[in-house]
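For reference, the structure is listed below as structure tokens.
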Amino acid sequence: MNDVQEASEPASDEALARLALREVAGSARAPASARAAAARTLLEAGGLIGRLQEKPRNSKGLNEMTREELESEIARLRAPGSEPDAGEDDPFALSP
């Protein structure tokens with residue numbers, strides 16, 4: 001039995017995959033191409049980049065938005081689920 005399963009209930013496939021990607025992305029021993037691919041996959045899975053990325057509701061530039069539109073977009077980005085695994089000790093988590 002591995003450390004992940006001993007630490008808590010058996011992890012889901014998704015949790016194990018994210019853990020493996022984080023380990024590769026954070027490993028100094030992994031080749032740079034593997035670290036980059038793992039980091040990109042984590043960002044894609046979280047919807048921060050790529051085809052799974054949530055599209056902005058407004059196609060205006062920030063300088064063209066009203067205060068209400070800016071506040072709405074900020075609220076959307078801060079909503080639960082907009083950052084994967086928010087609150088965990090994630091080396092790839094965005095700072096508030």
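Points worth noting:
- Just one of the listed residues (86, 79, 17, 11) is aliphatic (A, V, I, L, M) and at pLDDT 85 or above, namely 17.
- Restricting attention to the stretch 16-34, the residues that are in a helix (DSSP H, G or I), free of Cβ contacts under 8 Å to residues at least 60 places away in the same chain and either surrounded by fewer than 17 Cβ atoms within 10 Å (Cβ to Cβ) or among the β-branched types (Val, Ile, Thr) (or both) add up to 9.
The values are calculated or read from the model by the stated rules, or taken from the named source; none is laboratory data. Just so it is clear, the model here is predicted, and its values are computed rather than measured. No Cβ is skipped: glycine too gets one built from the backbone with ideal geometry, and neighbour counts run over all protein chains shown.
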